[in-house]
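K.L.:
Sharing a structure with you now.
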Amino acid sequence: MQDEETRKQRRRRKILYARRLRKRMTKAETILWEALRDRKCAGLKFRRQVAIDWFVVDFLCVERDLVIEIDGGVHMHQQKYDRERTEVLRQRRLTILRFTNAQIIHELPVVLQIIASTCGTPLSRLASGAGGERG
């Protein structure tokens, strides 16, 4: 019973941490979120700052098992940590796309095309920002 309470406490702590991250998104995260939210990208539903296992991913599309990570300067110093996270995500059969801050800020249309292509969604849905069922 004690272990169960500890697990619940850890889950709650991760949820609170994810909420904090949502309130303090980086410029690149904010730009990408505006392009993904409300099914604007290829009609896909994304969630932001989602707790998975012992860490938080930047964006998650559950219907396509897709994780999007934005790598800023800090990631140069945590490569081992990032490899461990990637392994956990792959074990969960999630596809991971990684983009740099610069790619999001300066090449957003290309980033969105890569996301749509990875999801097997026609680019016309991307361009129109159509919502609804996935293609």
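K.L.:
Just one of (1) assigned to a helix (DSSP H, G or I); (2) loosely packed, with under 14 Cβ neighbours inside 10 Å; (3) at pLDDT 90 or above; (4) not hydroxyl-bearing (Ser, Thr, Tyr) trips up ARG93, so point out which.
P.N.:
For ARG93, the failing item is (1).
K.L.:
Follow-up. Would you tally the residues in region 5-58 being modelled with pLDDT of 90 or more and in a helix (DSSP H, G or I)?
P.N.:
Qualifying residue count, region 5-58: 13.
K.L.:
For VAL111, indicate whether it is at pLDDT 95 or above and aliphatic (A, V, I, L, M). Can you show your working first?
P.N.:
Values: at pLDDT 95 or above: yes; aliphatic (A, V, I, L, M): yes.
Criteria met by VAL111.
The values are calculated or read from the model by the stated rules, or taken from the named source; none is laboratory data. The structure displayed is predicted, hence computed values, not measured ones. Please note: Cβ atoms are built from the backbone with ideal geometry, for glycine as well, and neighbour counts cover all protein chains shown.
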